[in-house]
Amino acid sequence: MKGNEQVAEKSSENGKPARAGFHPVDGLRDWWAGAPHWQRYGVYLALIIGALILPAPAIGSFMSPESDWTTVLIFPVGTYILLAIGLNIVVGHAGMLDLGFVAFFAIGAYTLAVMGTKYGWSFWGSLVLGIFLAAMSGVILGAPTLRLRGDYLAIVTLGFGEIVRITATNTDGIGGARGITNVPHPEPMFGTEFLLDPAPYYYLIVAAIVIAIVFSVRLHRSRVGRAWAAIREDEDAAELMGVPTFKFKLLAFAIGAMLGGMAGVVYASKAVFIEPNNFPFILSATILAAVVLGGAGNLPGVILGAFLVAWLPERFRFLSEYRILIFGGVLVLMMALRPEGLLPSRQRKAELREGTGGMGAMGAEVAGPDSEASAEVTK
């Protein structure tokens with residue numbers, strides 16, 4: 001009641017009530033919500049042009065002075081963004097903590113490696129199969145485990161990621177610990193060869209990211225997205241209201257796995273050689289950090305977070321091993337000062353204030369800055 005009175009007392013000079021906690025990002029979001037179509041398409045066009053010229057040497061000389069900038073844009077930057085978009089569906093939209101997302105990345109990569117080297121499949125056929133197998137793996141993982149919540153679900157997914165990596169290490173039929181070499185490149189497109197030149201791979205991963213963005217946005221605005229939001233905010237209440245929570249959680253897992261598998265296929269085609277150590281647990285943790293840092297549930301924020309997490313260590317490579325120490329310190333500082341992320345959605349900020357940690361009930365409930373400690377914490 002006291003907080004409501006304080007908000008009501010705040011008003012602007014023209015008599016309109018002011019919003020508490022207004023941020024410039026909110027103003028930009030308001031403009032975007034009311035922008036006419038021609039302005040939106042102008043922004044889309046500017047972003048496309050920016051993506052096309054991003055590998056330019058003049059930009060690379062500043063962004064990555066000690067590494068090939070185009071290669072950095074493919075991995076880790078582009079790959080991290082594609083993985084973060086997939087993980088955001090699971091963590092940001094559906095509110096499930098997944099610590100084994102790297103497993104789907106590995107499944108996509110090994111699909112191309114095995115089918116291409118042993119059976120002569122093309123890249124595009126392997127891409128479709130890799131996406132399908134990753135989605136099926138998500139269903140197989142989710143069907144018996146999605147009854148769990150919070151920390152328990154996180155532990156199960158962590159175990160799944162390690163199972164996939166250890167299985168790949170101990171299975172000689174897929175290369176074992178030695179890995180697989182001579183992973184096939186994509187077939188030439190429009191007269192462009194996918195060999196040593198990294199530029200075609202950059203545009204390929206940009207196309208994959210655009211498809212993932214369109215797919216994610218359409219889902220978020222659909223009935224499925226509204227069901228995910230209800231599950232994230234209060235799964236029990238959503239089920240009482242008739243939302244088939246298990247079905248929609250399983251769907252989120254499968255769709256996130258699809259995007260992870262797609263990223264794995266694209267990565268393997270550029271890497272040419274893959275081994276189990278390419279898919280450690282720390283990669284899952286890094287992608288999760290990118291989603292949280294950018295603002296879970298808000299797609300522009302997730303993309304920004306993934307870009308920063310991938311680019312900053314490369315930009316400061318001259319600091320040698322200290323760059324990781326500094327990078328970790330920056331992440332801790334950001335989470336202390338801005339726990340909702342760099343570009344959070346308004347809904348996420350409201351959830352954080354209510355004490356749900358900004359990600360729904362995932363077993364990490366903390367009191368928000370403007371709220372009393374939740375009953376879950378004070379038990």
- Item | Whole-angstrom gap from the stretch 172-191 to the stretch 322-341, using each part's C-alpha centre | 36
- Message: Between 0 and 90 degrees, rounded to the nearest ten: what's the tilt of helix 322-337 against the longest Cα principal axis of the chain?
- Response: 30
- Item | Exposed-loop-free span, longest in the chain, where GluC sites (Glu not before Pro) count as exposed if DSSP calls them loop and at most 14 other C-beta atoms lie within 10 Å | 194-320
- Would you work out what percent of the accessible area of the chain, with all protein chains in place, is carbon or sulfur (probe 1.4 Å)? 67
- Query: Roughly what would the spin-label model give for ARG29 and SER67, points 7 Å off Cα along C-beta, in nm?
  - Reply: 3.2
- Item | For the stretch 74-280, alpha-carbon Rg relative to the globular expectation (2.2 N^0.38 Å, N residues) | 1.04
- Message: Need the full-extension length gain, TYR203 to LEU325, defined as separation in residues times 0.36 nm minus the C-alpha distance. One decimal, nm.
- Response: 40.7 nm
- Where a ≥ b ≥ c are root eigenvalues of the Cα gyration tensor, a/c under 1.5 meaning rounded, otherwise prolate if a/b exceeds b/c and oblate otherwise, the chain counts as prolate
- Message: Please report the spacing between the Cα centers of the stretch 284-300 and the stretch 47-81 in Å, no decimals.
- Response: 20
- Message: Just the number: Rg to Rh for the stretch 96-211, Cα atoms, Kirkwood Rh, two decimals.
- Response: 1.03
- Taking the stretch 110-184, which chymotrypsin sites (Phe, Trp or Tyr not before Pro) meet the DSSP loop condition and have no more than 10 other C-beta atoms within 10 Å? TYR119
- Neighbour net charge for ALA109 - beta-carbon separation under 12 angstrom, K R +1, D E -1: +1
- Which value at 222 nm does the chain reach when only helices count, each DSSP H run of 4 or more adding -39,500 (n - 2.57), with the total divided by all residues and rounded to the nearest 500 deg cm²/dmol? -20500 deg cm²/dmol
- Message: How much accessible area per residue does the chain have, counting only protein heavy atoms and a probe of 1.4 Å, in square angstrom?
- Response: 50
- Task: Run the dipole for the chain about the Cα centre, Lys and Arg Cβ at +1, Asp and Glu Cβ at -1, nothing else charged, and hand back the magnitude in debye, nearest 20.
- Result: 520
- Query: Say a paramagnetic label sat at a point 7 Å from the Cα of ILE59, along Cα to Cβ; which residues of the stretch 196-227 have their backbone N under 16 Å from it?
  - Reply: 198-210
- Message: Using a Förster radius of 45 Å, what is the FRET efficiency between THR167 and ILE49 based on their Cβ-Cβ separation? Nearest 0.05, please.
- Response: 0.55
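The values are calculated or read from the model by the stated rules, or taken from the named source; none is laboratory data. Values in this document were obtained by computation on a predicted structure and should not be read as measured data. Ideal geometry is used to build each Cβ from the backbone, glycine not excepted, and the neighbour counts take in all protein chains shown. Only protein heavy atoms, including side chains, enter the accessible area calculation; ligands, DNA and RNA are left aside. Shrake-Rupley method; radii C 1.70, N 1.55, O 1.52, S 1.80 Å.
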